Structure formats: C-alpha cells, structure tokens
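Visitor: The structure that follows is given in the form of structure tokens.
The values are calculated or read from the model by the stated rules, or taken from the named source; none is laboratory data. What you are looking at is a predicted structure, and each value in this text was computed from that prediction instead of being measured. Here the Cβ positions follow ideal geometry from the backbone for every residue, glycine too, while neighbour counts run over all protein chains shown. All accessible areas refer to the heavy atoms of the entire protein, side chains included, with ligands and DNA or RNA removed. Shrake-Rupley method; radii C 1.70, N 1.55, O 1.52, S 1.80 Å.
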Amino acid sequence: LAALTRLEWLTGDPRRSLELAELVLASERPSPNARWTALFTLATAYFDANHFEAAIPVLEQLVRMRRFADAWYMLSICREGTGDLTAAVDAAEKAIAINPYAPELQLRLAELHRRRGHDRQAAIHETRARQLAEPRPGGSK
C-alpha cells in the first residue's frame with residue numbers, strides 16, 4: 001500500500017496518493033518502511049503546496065527515522081517559510097552533514113547566511129557550491 005502511495009504521487013494523482021498515505025498511517029502497525037514512505041508522501045504534498053506549517057511536523061518525524069539530506073533540505077525551506085531562520089540554518093547544516101557534496105545544499109546555506117547578514121559564511125558556502133558544481137577532468141563531477 002505504501003509503494004502504491006508513492007506511485008500514485010509520481011503518476012500525477014496526489015489526492016489519491018494522500019488518501020493512501022493516510023490509510024497506511026492509520027493502519028495498526030505499518031512497517032517502518034511503509035510508515036516512512038507514507039510520511040514522505042505527506043510531507044512532499046504539504047511542501048509542494050507551500051503548506052510549510054503542516055509539513056514541518058511530518059518532516060521532523062522523517063528526520064528522526066532516517067538520515068536523509070532531502071528531508072533536512074525541505075525542513076530548512078519550511079522553517080524559512082515560517083520565519084525561523086535560525087532553525088532553517090540548522091536544518092541546512094544537517095543536510096550538508098549528510099551530503100556535503102551537493103552544491104544545491106551549499107547554496108541553500110549560503111542564501112540563509114546572506115539573509116542573516118553573515119556575509120563571510122555565505123561567501124564560504126558559495127565558493128564550495130561553485131567548486132562542487134565545476135566539471136571534473138574526465139567528465140564526472
């Protein structure tokens with residue numbers, strides 16, 4: 001059922017996907033993977049609809065369940081969207097701790113530092129992002 005939840009989301013039926021996710025979460029004892037998939041589907045739906053306040057508690061559950069940089073990244077955006085820049089920075093830093101080689105995460109943290117007036121820190125992360133985005137010899141990044 002959890003896999004179907006995500007499949008419905010990916011094939012363009014978010015309403016059905018959310019119904020299935022809620023069924024998974026309401027079931028007596030979903031497996032950890034089924035619970036995680038259902039929560040991720042809910043978080044993605046709230047996030048995509050800019051319902052950041054609804055997404056935050058779901059994302060917080062996800063990051064407690066599994067080390068997943070994308071969930072921390074989304075949580076950072078949600079925290080910023082609700083005006084909590086300190087928590088947004090914290091979440092972006094956690095995403096980078098999990099995946100330090102993602103230029104988009106470095107840029108995210110640079111933007112947050114810039115918004116807080118921490119230009120030196122912003123410049124450090126902008127430089128890292130540029131370095132990570134540069135093509136490497138042999139065609140790989």
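Visitor: Can you give me the ranges of the helices (runs of 4 or more DSSP H) entirely in region 1-71 with at least 3 residues that are modelled with pLDDT of 90 or more? Walk me through how you get there before you give the answer.
Guide: Values: elements: 2-10, 14-26, 32-48, 52-65.
Helices (runs of 4 or more DSSP H) meeting the threshold: 32-48, 52-65.
Visitor: Give me the pairs: first residue in region 115-134 and assigned to a loop (DSSP other than H, G, I, E, B), second residue modelled with pLDDT of 95 or more and of a type in the set (S, T, Y), beta-carbon distance under 7 Å, and six or more apart or on different chains, which are they?
Guide: Listed by first residue and then by second, the contacts come to nothing, as the list is empty.
Visitor: With respect to E111, is the statement that it is assigned to a helix (DSSP H, G or I) and either in contact (Cβ under 8 Å) with a residue 24 or more places away in the chain or within 11 Å of the chain's Cα centre (by Cα) (or both) true?
Guide: On the way: assigned to a helix (DSSP H, G or I): yes; either in contact (Cβ under 8 Å) with a residue 24 or more places away in the chain or within 11 Å of the chain's Cα centre (by Cα) (or both): no.
No, not satisfied.
Visitor: Consider A45 against the criteria (1) open to solvent by 40 Å² or more (accessible area, probe 1.4 Å); (2) within 30 Å of L18 (Cα to Cα): it satisfies all of them except one. Which criterion is unmet?
Guide: (1)
Visitor: On to the next question. State the number of residues belonging to region 89-108 that are over 16 Å from A43 (Cβ atoms), open to solvent by less than 60 Å² (accessible area, probe 1.4 Å) and part of a helix (DSSP H, G or I).
Guide: The number of residues fulfilling the criteria is 8.
Visitor: Restricting attention to region 78-119, report how many residues are aliphatic (A, V, I, L, M) and under 20 Å from A133 (Cβ atoms). Working first, answer last.
Guide: Narrowing region 78-119 to residues aliphatic (A, V, I, L, M): 85, 87-89, 91-92, 95-98, 102, 105, 107, 109-110, 112.
Imposing the further condition that a residue be under 20 Å from A133 (Cβ atoms) reduces the set to 92, 95-98, 102, 105, 107, 109-110, 112.
Going through region 78-119 one residue at a time, the tally reaches 11.
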